[in-house]
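**Q** Pasting a structure below so you can have a look.
Readers should treat all values here as calculations from the given coordinates under stated rules, not as data from a laboratory. Nothing here was measured: the structure is a model prediction, and the numbers come from that model. Note that we place each Cβ from the backbone using ideal geometry, even for glycine, and neighbour counts take in every protein chain shown.
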Protein chains: 2
Amino acid sequence: MDERIREHAALLVDWSARIEAGDDVVVSVSEGSHDLAVAVAAELGERGANLLAVSDSDEIERAYLRAHDGAFAESPAHELALYERADAVLRLGRGRNTAAKADVDPAQRQAYRTSRRAIREARMDTDWVSTVHPTRSLAQQAGMSYEAYQEFVYDAVLRDWESLAEEMAQLKTLLDEGSEVRIETGGEELTLSIENRTAVNSAASVAYDSHNLPSGEVFTAPYAAEGSITFDVPMTIDGRRVRDARLVFEDGEVVDFSAATGEAALRGVLETDPGARRLGELGIGMNRGIDRPTDNILFDEKMGDTIHLAVGRAYDACLPAGVTGNESAVHTDMITDVSSDSRLLVDGDVVQRNGTFRWEDGFAET
Amino acid sequence: MDERIREHAALLVDWSARIEAGDDVVVSVSEGSHDLAVAVAAELGERGANLLAVSDSDEIERAYLRAHDGAFAESPAHELALYERADAVLRLGRGRNTAAKADVDPAQRQAYRTSRRAIREARMDTDWVSTVHPTRSLAQQAGMSYEAYQEFVYDAVLRDWESLAEEMAQLKTLLDEGSEVRIETGGEELTLSIENRTAVNSAASVAYDSHNLPSGEVFTAPYAAEGSITFDVPMTIDGRRVRDARLVFEDGEVVDFSAATGEAALRGVLETDPGARRLGELGIGMNRGIDRPTDNILFDEKMGDTIHLAVGRAYDACLPAGVTGNESAVHTDMITDVSSDSRLLVDGDVVQRNGTFRWEDGFAET
């Protein structure tokens, strides 16, 4: 077995999920992640944790959803009981075809998802972590050879998370203490309020309330956006490619938008509900192992030298008790490259310039 | 998709497991059975049943068992809760390598199995059915090409089970009403008591207390064996090939034995415990879709024109209330070809001669 798979499994079990002897663990195995599942099983066995493997297959789900009449039972009792009693859930993505469910009616998918709310909540109450095993299908989506894609994934995953967590803690402190963020990039300016918001140090561990491996971002829930920004990292929205999306904000709301490609998809998102025109997230990518976009938001948004914003739903973790954040059925991330011609300011102080943070060598305010 | 896979799935869900709308179903998917799982998912969706797929991978289990110190938790709560609340469990075998666990310490396997008794019992309390998807690994074990093996499996599985169940009911009646069975084959004779025993019409459906697809045998729990018999269908015991095993019984117990090949493996079974020298099962194979041995006991023992006996544990279903059957840690089936030079008699009446039952064309007593 590739030694990197073993390292990935050990990191997932130790650093990310903090598995201990006697933990009841569910490992969700996708069609493409069997090799990683074998390595994870060895790590769990070594720690004396208890393993149940469930199967996560897009093709099985597609067949089920297409055949079902749509009147789904509310969170079936057997599956709900499993997750209610689990201590941790490790989800190992992904499959053999990222388009495997392309011909499932979106309304049917949504109905299924809605019916499983209690199961989802039970799963989110565990020490859950999602990770990705490099598959040929993801390599294809990234436009990369399999070998190069494997290297890319392990560069992103096999990091010194402890030291990255310490670095990210500096940014979290600045954001927690600050009131206003200004993003200057490509000649545009966007101002956001972050007063009374708490940033999350997303260090790929449940100990940091961070549930993805890889991670490597600091994010918070901004509001009262004013100004404009262009997202020059390409993305896929509802299966359509979107390039150079531009949003103009007044009083926290999108008042104008455009895109060089895929404007209709962008419009579709923004018109979902009123919350879809307001921001739910500001995130600063700090994983320098991710050196290029690969059309996979879990990686793209963590990329070093990028900042992302999401329209739609805000995460509770960023909000003070009793405050309701932006609500929406969507949460759509859009990314901008800040490696040049860019500054990030908190309360007027430059925190990052052209991708370099103020605590790094080579930093200069202007 | 191969139409036979769809037919297999429909038969499994309808005839075998009797799935209804709202049933909470666990589908256990092995590494080699994904295509069948997709077809089963469609059948479950169509019926409005609720699906959770679990992963059954020999390689995952091997890695876990080899890494674990052997102090296994008793039936972990999350997995136990799943099976306690399931209505049905459909197990779809098999993997990509029948030797995948060859290097797991048998004591470790046994300890794991023992620790999971409550889970196993909860699963057996559901409407569970085990079936087999034809894989290249099983074709290899059978010494057959993949295409020929697929045909073999579907011939065995896609039968008119209703009509076979009716035919098998005739044999069940004869055995239930009879007191003594005599097997004459290859010049030897074996006499067994079946007084006060109930035969099972194993028609591949939970409605018949039959949990394997394919099935196609009538079996009971004999005792007081006298005489001898040679099992001329090759078999594998503990990974070793055994040919022409011969057992000599006196007063219900094996008093002498031999084998042309693999005698040590046979001895190993017989010396397990006192119950391993007595019979636990007499079965009469009636599935004429199975026309050859394939080194897979689930098929071999159902083969038409064969009779099998098992040393070791008897099934409760064959015993009257309050009677304890033969007890043993083993249950090892051995098969003899009765297509020529053979007769099966119940209370002195010939029931089958050279493979032909008395209700079939061409039957002659001598």
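**Q** I want to verify a result. In a Gaussian network model of chain A, Cα cutoff 10 Å, which of these has the top mean-square fluctuation: A:40, A:54, A:311?
**A** For chain A, modelled as a Gaussian network with Cα springs under 10 Å, the answer is A:54.
**Q** Let me ask something else about it. Taking a quarter of the surface of the convex hull around the Cα atoms of region A:161-357, what do you get in nm²?
**A** Details: hull surface 39.8 nm².
Hull-based average projected area comes out at 9.9 nm².
**Q** Taking +1 at the Cβ of each Lys and Arg and -1 at the Cβ of each Asp and Glu, which of B:49, B:77, B:63 sits farthest along the dipole of region B:3-157 towards its positive end, judged by Cα position relative to the Cα centre?
**A** Positive-end residue among those listed: B:63.
**Q** Follow-up question, since we're still on this one. So what are the ³J(HN,Hα) numbers for region B:208-218, from phi and the Karplus equation (6.51, -1.76, 1.60; θ = phi - 60°), rounded to whole Hz, Gly and Pro as x?
**A** With the stated coefficients, region B:208-218 comes to 10, 6, 10, 10, 10, 10, x, 10, x, 8, 10 Hz.
**Q** Now for a separate question. Find the eigenvalues of the gyration tensor of the Cα atoms of the protein assembly as shown, then list the square roots of 5 times those eigenvalues as equivalent ellipsoid semi-axes, largest first, in whole angstrom.
**A** Semi-axes (√(5λ), whole Å): 63, 25, 21.
**Q** Before anything else, pin down the relative contact order of chain B: Cα pairs under 8 Å, at least 6 apart, normalised by residue count, whole percent.
**A** 13
**Q** Find every distance from the label point of residue B:295 to the corresponding label point in the other copies (7 Å from Cα along Cα→Cβ) and write them in nm, one decimal, shortest first.
**A** For residue B:295, the inter-copy label distances come out at 4.5 nm.
**Q** Please get the size of the charge dipole for region A:245-319, origin at its Cα centre, with Cβ charges of +1 on Lys and Arg and -1 on Asp and Glu, quoted in debye to the nearest 20. Each step should come with its number before you reach the end.
**A** Details: 8 positive and 14 negative charges, 37 e Å.
So the dipole magnitude of region A:245-319 works out to roughly 180 debye.
**Q** Output, in nm with one decimal and in ascending order, the distances from the residue A:146 label point to the matching label points of the other copies (7 Å from Cα along Cα-to-Cβ).
**A** Once sorted, the set of distances for residue A:146 reads 1.6 nm.
**Q** Assigning unit charges at the beta carbon (Lys, Arg +1; Asp, Glu -1) and nothing else, what dipole magnitude in debye, to the nearest 20, does region B:161-357 show about its Cα centre?
**A** Approximately 420 debye in magnitude.
**Q** Taking chain A as a Gaussian network, where each spring joins two C-alpha atoms under 10 Å apart, which residue of A:170, A:110, A:150 fluctuates the most?
**A** The residue with the greatest mean-square fluctuation here is A:110.
**Q** When Lys and Arg each count +1 and Asp and Glu each count -1, what net charge do the other residues less than 11 Å away from residue B:122, Cβ to Cβ, add up to?
**A** For residues surrounding residue B:122, the net value is +1.
**Q** So the label point sits 7 Å from Cα along the Cα-to-Cβ vector; using that for residue A:73, what distances do you get to the other copies, in nanometres, sorted shortest first?
**A** 2.5
**Q** Cα convex hull of chain B: mean projected area in nm², to one decimal?
**A** 18.2
**Q** Further question on the same structure: What number, rounded to the nearest 500 deg cm²/dmol, is the helix-based mean residue ellipticity at 222 nm of the protein assembly as shown, given -39500 (n - 2.57) per DSSP H run of at least four residues and division by all its residues?
**A** Value at 222 nm, helices only, nearest 500: -8500 deg cm²/dmol.
**Q** Select from B:323, B:206, B:181 the residue whose mean-square fluctuation is largest in a Gaussian network model of chain B (Cα-Cα springs shorter than 10 Å).
**A** Result for chain B, Cα springs under 10 Å: B:323 fluctuates most.
**Q** Return the loop-located GluC sites (Glu not before Pro) in region B:204-299 (DSSP other than H, G, I, E, B) with at most 13 other Cβ atoms within 10 Å of their own Cβ; answer none if there are none.
**A** Here the sparse-neighbourhood loop sites are B:271.
**Q** Let me ask something else. In units of 2.2 N^0.38 Å, what is the alpha-carbon radius of gyration of region A:3-157?
**A** 1.10
**Q** For the protein assembly as shown, with only Lys/Arg (+1) and Asp/Glu (-1) charged at the beta-carbon, what is the dipole magnitude about the Cα centre, in debye rounded to 20? Walk me through the intermediate numbers first.
**A** Details: 72 positive and 136 negative charges, 89 e Å.
I would put it at about 420 debye.
**Q** If you add up the charges near residue A:220, with Lys and Arg at +1 and Asp and Glu at -1, over every other residue whose beta carbon is less than 10 angstrom from its beta carbon, what do you get?
**A** Around residue A:220, the charge tally is 0.
**Q** Rounded, prolate or oblate: which one fits region B:135-240, using the alpha carbon gyration tensor with axes a ≥ b ≥ c (rounded when a/c is under 1.5, else prolate when a/b beats b/c, else oblate)?
**A** It is oblate, given that a/c is not under 1.5 and a/b is not larger than b/c.
**Q** Could I ask something else about it? Pick out, in residue order, every one of the GluC sites (Glu not before Pro) in region A:295-366 that is DSSP loop and has at most 11 other C-beta atoms within 10 Å; say none if there are none.
**A** Values: sites: A:301, A:327, A:360, A:365; in loops: A:301, A:327, A:360, A:365.
Of the GluC sites (Glu not before Pro), the ones in loops of region A:295-366 whose Cβ has at most 11 other Cβ atoms within 10 Å are A:360, A:365.
**Q** From other protein chains only, count the Cβ atoms within 10 Å of every residue's Cβ in B:25-33, then give the mean.
**A** Rounded to a whole number, the mean comes out at 2.
**Q** Name the lysines eligible as straight-distance cross-link partners of residue B:101: C-alpha to C-alpha under 28 Å, and not fewer than 8 places from it in the same chain.
**A** B:302
**Q** Follow-up question, since we're still on this one. Starting from 0.36 nm per residue, how many nanometres of slack lie between residue A:1 and residue A:20 once their C-alpha separation is accounted for?
**A** The span from residue A:1 to residue A:20 would gain 4.4 nm if fully extended.
**Q** Projecting each Cα onto the charge dipole of the protein assembly as shown (Lys/Arg +1, Asp/Glu -1 at the beta carbon, about the Cα centre), which of A:204, A:219, A:298 comes out farthest on the positive side?
**A** Highest projection toward the positive end goes to A:298.
**Q** Taking the Cα atoms only, what angle lies between the long axis of helix A:106-115 and the longest principal axis of chain A, rounded to 10 degrees?
**A** Here the helix axis deviates by roughly 70 degrees.
**Q** List the residues, sorted by chain then number, that are 5 or more residues from residue A:351 or on another chain and whose placed amide H is less than 5 Å from its amide H.
**A** Those qualifying (amide H under 5 Å, at least 5 residues apart or on another chain) are A:344, A:345, A:346.
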